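> Starting off with a structure, shown below.
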Amino acid sequence: MSGVWWRHIPSGADVHYEPPDPADNRWQRGTVVEGLYFADCEATAWAEWYRYLAEAAMAPTQGLPRDLWRWEISLPAVADLSDDDRLARVGLPPLEPSRHQWPTFQPVGETLHGEGWRALLSASAARPEGQTLCVFRTVAQVPGTRPLPPPTTVADPPIVPTGMRT
């Protein structure tokens with residue numbers, strides 16, 4: 001799989017930053033494998049961000065400013081779980097925009113990583129018309145991923161994307 005994907009980070013942060021305690025997310029637990037999450041377009045990136053803020057009961061201004069980066073991604077082994085039928089084949093329900101689903105999804109992503117898959121493609125839970133890409137990260141700079149400078153710094157809350165659900 002090759003293409004340009006989007007990822008936002010706190011403004012001024014190292015684009016390859018590795019947190020001391022990697023985060024848990026939908027497709028992995030940080031204690032097992034770190035995940036870099038990307039969106040297929042700006043609207044999906046912001047929808048996922050707004051979903052996160054809504055679930056954490058945070059105002060958008062609390063998460064700003066952010067740097068929006070474009071990334072060139074070229075990975076050979078990407079598992080495709082991008083629709084409900086594919087999710088059902090591995091025993092997963094349709095995506096919901098909630099952390100409460102994560103414990104069901106994490107073992108599937110971790111198993112795929114263990115089997116040698118480099119990344120996992122799925123629909124966006126926050127914007128179903130969009131897609132997200134979880135790249136499993138075992139080193140700071142993952143081969144096959146490259147940020148495309150410069151980032152766009154976003155200081156004011158971006159427009160809420162159409163088709164978003166929280």
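> Output the number of the condition that THR44 fails; it satisfies all remaining conditions of (1) among the polar types (S, T, N, Q); (2) touching a Phe, Trp or Tyr at 6+ places or on another chain (Cβ under 9 Å); (3) farther than 20 Å from MET1 by Cβ.
The one condition THR44 does not meet is (3).
> Name the one entry in ALA77, ALA56, ALA88 that is at pLDDT below 95, under 21 Å from ALA119 (Cβ atoms), surrounded by fewer than 15 Cβ atoms within 10 Å (Cβ to Cβ) and more than 16 Å from the chain's Cα centre (by Cα).
Selected residue: ALA77, the only one of ALA77, ALA56, ALA88 that is at pLDDT below 95, under 21 Å from ALA119 (Cβ atoms), surrounded by fewer than 15 Cβ atoms within 10 Å (Cβ to Cβ) and more than 16 Å from the chain's Cα centre (by Cα).
> Could you pull out the residue among LEU133, LEU148 that is hydrophobic (A, V, I, L, M, F, W, C), at pLDDT 95 or above and buried (at least 18 other Cβ atoms within 10 Å of the Cβ)? First the steps, then the outcome.
Working: LEU148 fails: buried (at least 18 other Cβ atoms within 10 Å of the Cβ).
Testing whether each residue is hydrophobic (A, V, I, L, M, F, W, C), at pLDDT 95 or above and buried (at least 18 other Cβ atoms within 10 Å of the Cβ) leaves just LEU133.
Conditions (1) in contact (Cβ under 8 Å) with a residue 24 or more places away in the chain; (2) not aromatic (Phe, Trp, Tyr), marked per residue:
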{"site": "VAL33", "(1), (2)": "yes, yes"}
{"site": "LEU36", "(1), (2)": "yes, yes"}
{"site": "GLU48", "(1), (2)": "yes, yes"}
{"site": "LEU68", "(1), (2)": "yes, yes"}
{"site": "TRP71", "(1), (2)": "yes, no"}
{"site": "PRO107", "(1), (2)": "no, yes"}
{"site": "GLY114", "(1), (2)": "no, yes"}
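> Can you find a residue that is free of Cβ contacts under 8 Å to residues at least 40 places away in the same chain and in a loop (DSSP other than H, G, I, E, B) anywhere in segment 137-158?
Yes: one or more hits.
> Just give me the residues in segment 6-30 being polar (S, T, N, Q) and over 28 Å from VAL90 (Cβ atoms), in sequence order.
The one that is polar (S, T, N, Q) and over 28 Å from VAL90 (Cβ atoms): SER11.
The values are calculated or read from the model by the stated rules, or taken from the named source; none is laboratory data. Predicted model only: the values in this text are computed from it and were never measured. Neighbour counts are summed over all protein chains in view; Cβ atoms, including those assigned to glycine, are modelled from backbone coordinates with ideal geometry.
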